[in-house]
Every structure is written in C-alpha cells, then in structure tokens.
Amino acid sequence: MRLTGSKFREATIPHAGWEMLVMRAVFAWLMWTMLPGDVPYASQPVPNGLGWVFDLTWLANPDLFGLLRIGYGVALVAFALGVVPLLSLGYAVGLITAVGALENSQGAIGHHLQLVCLVGAAMWISSLVSSRADVRQVLRPSLATNQTAVHWSKMIIVASYVTSACVKLIASGGAWIVQLPDISLQLIKTHANVFYDTLIPQSGWAATQLPYLIAEHPNLTRLFFTPGLIFELGALAALWGRRSALVVGGGLLLMHLLVRWVMNLSFSAHEWLLVIFLINLPYWVWLGLRSILDKKSA
Amino acid sequence: MRVESTPTSETEHRQQRRGWQWLPSWRMVGLVAAILVIGEQFPFSYFPMYSSFDPTADYYYLANEEGEPLASVEVVGTSTANVKKMYRERLRELVVRRGAEEDDATEQERAQIGRETLTYLRELGLRSGAAVPSEPIVLQRVVLHRSGEGEITRQERVVASN
C-alpha cells in the first residue's frame, strides 16, 4: 500500500470528516482571536485594498461593532460545525477582511491578517462553486466539497509562501543569500522596536549578542537562514500529499519559530495555519494510535 | 510503516498530467502571478518583509522633550513599527508629488510629516484609550550602519516634536 502523497504531483487529500471538523474548529478559533475587541480607526488616511472601494470607518462605531462581533462568534461556531458555510464563513470572512482593510488604511501595512482572510476566502469561494453545481451543498456541504475547500486553503497558503520567496529573489536582485549578513541590523531594529513599544528591557542573548555575531560571521548566517528560503520556494511540495505537507509545514513552522526567537517577531497566524492545514497533527496522532492498536491486535 | 486503507479513503483525485508532474499546476502559477501583480492591497499581500537587506537600516521611537523614551503602545496605542510605517508612507506621498524619492526628502519635509504623524498618533491614542501625554512627544530616528568589516554603528536624530 502507499501512503497519500507518494507521487510528486498535486493531489486533493481525502481527509476524513473528523479531521476537517478539527481543522474548521481550530481555524474558527484562530479567526476569533484575530478580530480585535474594538476598532479605533475613525479615518482612512491612506486607503489600501478594500479601503479604496469602501469607506469602512463605520466599523469604529463601538456599539455597532460590538453587535457585529457577537454575530461573528455565532457565525464561526456554525462554520466550525459545517453549517451553511456560504453564510457563516462568508459573514466572518467579510467582517475580518473589512477590519483588516481599515487597519491597513492607516498608512502602516501589517501582515498578520492577510493569510487568514485569504484562506477563509478560498474556503468560501470553494463552497460557492460547489453550491452553484449542487444547491443541496448550501446547507451542509458533502465530504468531497469540504475536501476541496481544505485543498483550496492549502493552495493559498502554499502560493503565499512561494510568492514571498519570489519577492525575496526579485527585490534583492537574486542576491538575498549574499545580503543575509545585513539581517544583523534588522535584528537590532526589531529588538529595539519591542523595547520602545513597552520599555521592557531586551536583555537576552538574541537581543544583545546575536546581531553582532551575525554581522561578524556572514557564512554562518547564510547557513542558518538559507533553509527558510528553500522551504518557501519548495512549499509547492506540500500539495503532493500528507507526508510532504508535514515536512514542508514543519520546515516553515521551524523557520517562523527561528524568526520568533532571533528577531522577536512573531507571525502566529501563519504558524497556526501551517499547524492546521499542512502539519495536521490530529491525523498523525490517529495514525500512530491505530498502528499501535493494529500491532497489539495482531 | 504499513498503513491499511479503504479505497475510498485513500484514493486521491490527482491531476492527470504526464511527465514533469512535480511542476506546479497552471492554477498555482496563476495564483502566485496574481498575488505578485495585485501586490500590497488588502487582503492580498506578497509578504515583502525582509525581502532584501541593506548595510543601512533605521528605526523610530517616541520620547519626551528630555529625550527619555516613551512606551509607544502605552502612549499612542500602536507599535513603533507602525509609527515608522505611518511616517514613511506619509513622507513618500509628499515627496512623490515633486517627483522625488523618500531618501531625497529634505529635513523640512521630514519635520513637517513628523509633526503630522504625531498629530495623527495623538488622535489615535485618544481613541484607543492610551495614556497620551499632554506634553510634546518627540519622534526620534535611529540609523544603523554595518561596515564591510562587520562593525555596526548607530546615529540618532530628532525628526519632529508635537
């Protein structure tokens, strides 16, 4: 027998219903944590994305936003249970995307919300396509429809990492690895940013000594940081099957954890998306348990 | 490890392509191309963080008139990273009008945009429930440089006060 992903081509993994229930539940929880408690932005000084099209400042009304937030919670519970994703997920993705667009229309583009919104949108569009083909899918999508939605989610995650790798090669003129030792300045900068955000001293080794070590040892720096670029470029392999998704997801997660440690910079939403859709730990735990039980019964 | 499976649970709906199967599908290529073309327009992003490195970098922080740093999140309700982005975006918008680039901005232009950014940050801080000081806030810029020998130097200057 072969495990899924034994061939080097893109495949929609036939995830079990319980796997996708866990995926949706954790993703819904992630979406819940990403929506702020209030929106302080009463203007759109530098419109961005949806901010070009819509005036989203009405979200700054605390009473209205409070109601919308309650609806968001209800919608996410319904989505996690797989009920009417066209409405439940559609509402949740619409709200968080609107908030993100307003937040990014202040002249400071952050990158913590985009991938969550895009993954949600990919799942929603997948549901829409399925519903158009079969109206019965609207209320409660079939197993195959959910599998397709999960695959689309993986595609958008993979595409984002590959794009990020392409941008590194384009923006640096192909010299990203050559330029890497100058990341030492970025380390000093990010640790300084954290200090000036809170005035809590950054006294760890990564903040006080590592930047200077990196500046003085360029090849050592390249050795540690280059695998991150390779994993981003090779993220396409995550679509081949479960094992390759585990390896790519694990590698990218390791990259984020390394960045978190050395730069004091976290991309927690990205980390969770890798854990949910690529690493998919519950499946491997189930497989391990089943393997143990099979051996015992044999 | 051997894993038993039923045909339905293990069957994969693979794309029927011959040869070069490991290459990305056209829809994946299209997706990457679309994200690159659309760029930084929310909710799209090509995630350009740390896509290139220079031997010079800068960061900004807030201080009081005596030069003592202020905790940005506490006094204006947002991070110093955001303060820098907000300031630079506004500076870029100003200098682009005369066909220049950010690096060509004059001290007067930097001070003007610095004051405008601080005004905006005060308003944002008040709406966020931050402890905005009544005394002037100073925007400080720190420029870092790495020499060819790996030595790192640091220069600091006042951008604006408001």
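Readers should treat all values here as calculations from the given coordinates under stated rules, not as data from a laboratory. Since this is a predicted model, take the numbers as computed values, not measurements. Here the Cβ positions follow ideal geometry from the backbone for every residue, glycine too, while neighbour counts run over all protein chains shown.
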Net charge dipole size for the stretch B:91-162 [Lys, Arg +1 and Asp, Glu -1 on Cβ; Debye, nearest 20]: 260 debye
So, relative contact order of chain A in percent, Cα under 8 Å, 6 or more apart, is 23 percent
How large is the charge dipole for the stretch A:78-213, taken about the Cα centre, if only the Cβ atoms of Lys, Arg (+1) and Asp, Glu (-1) carry charge, to the nearest 20 debye? 380 debye
How big is the stretch B:56-161 by Rg and Dmax over its Cα atoms, in Å? 14.5, 47
Of B:LEU36, A:ILE70, A:ALA25, whose Cα points farthest to the positive end of the dipole of the protein assembly as shown (charges on the beta-carbon: +1 Lys, Arg; -1 Asp, Glu; origin at the Cα centre)? A:ALA25
Over chain A, consider all pairs of different Cα atoms and compute the Kirkwood hydrodynamic radius from their mean reciprocal separation; express it in Å, one decimal. 21.2 Å
Cut-off 15 Å between beta-carbons: net charge of the residues surrounding B:VAL95, Lys and Arg +1, Asp and Glu -1: -3
If you look for lysine pairs in the protein assembly as shown that are eight or more places apart or on different chains, how many of them have Cα atoms under 26 Å apart? 7
Going highest first, how would you order A:232-238, A:82-88, B:28-34 by mean Cβ packing within 10 Å? A:232-238, A:82-88, B:28-34
Those residues of the stretch A:11-41 whose amide nitrogen sits under 17 Å from the label point placed on A:VAL285, 7 Å along Cα→Cβ: A:16-30
Distance in Å, no decimals, from the C-alpha centre of the stretch B:80-103 to the one of the stretch A:10-88 is 31 Å
About the Cα centre of the stretch A:130-289, what is the dipole size in debye to 20, counting +1 per Lys and Arg Cβ and -1 per Asp and Glu Cβ, all else neutral? 560 debye
Within the under-15-Å Cβ sphere about A:VAL129, not counting A:VAL129, Lys/Arg +1 and Asp/Glu -1 give a net charge of +2
Cα-based Kirkwood hydrodynamic radius, the stretch A:177-270, one decimal, Å: 14.4 Å
Dipole of the stretch A:12-171, positive end: most advanced residue of A:LEU143, A:SER126, A:TYR91 [Cβ charges, Cα centre]: A:LEU143
Largest first and to the nearest Å, give the Cα extent of the stretch B:109-162 along each principal axis. 47, 24, 16
Taking the protein assembly as shown and counting helices only, DSSP H stretches of n ≥ 4 at -39,500 (n - 2.57) each over all residues, the nearest-500 ellipticity at 222 nm comes to -18500 deg cm²/dmol
Could you compute how fast the stretch A:12-171 diffuses translationally, taking Rh as the Kirkwood radius over C-alpha pairs and applying Stokes-Einstein at 37 °C with viscosity 0.692 mPa s? Give it in µm² per second. 198 µm²/s
Two decimals is fine: what's Rg over Rh for the stretch A:78-190, C-alpha atoms, Kirkwood radius as Rh? 1.13
How large is ³J(HN,Hα), in whole Hz, for each residue of the stretch A:95-104 in order, when computed from phi with the Karplus curve 6.51 cos²θ - 1.76 cosθ + 1.60 and θ = phi - 60°, using x for Gly and Pro? 5, 5, 5, 5, 5, x, 5, 5, 4, 7
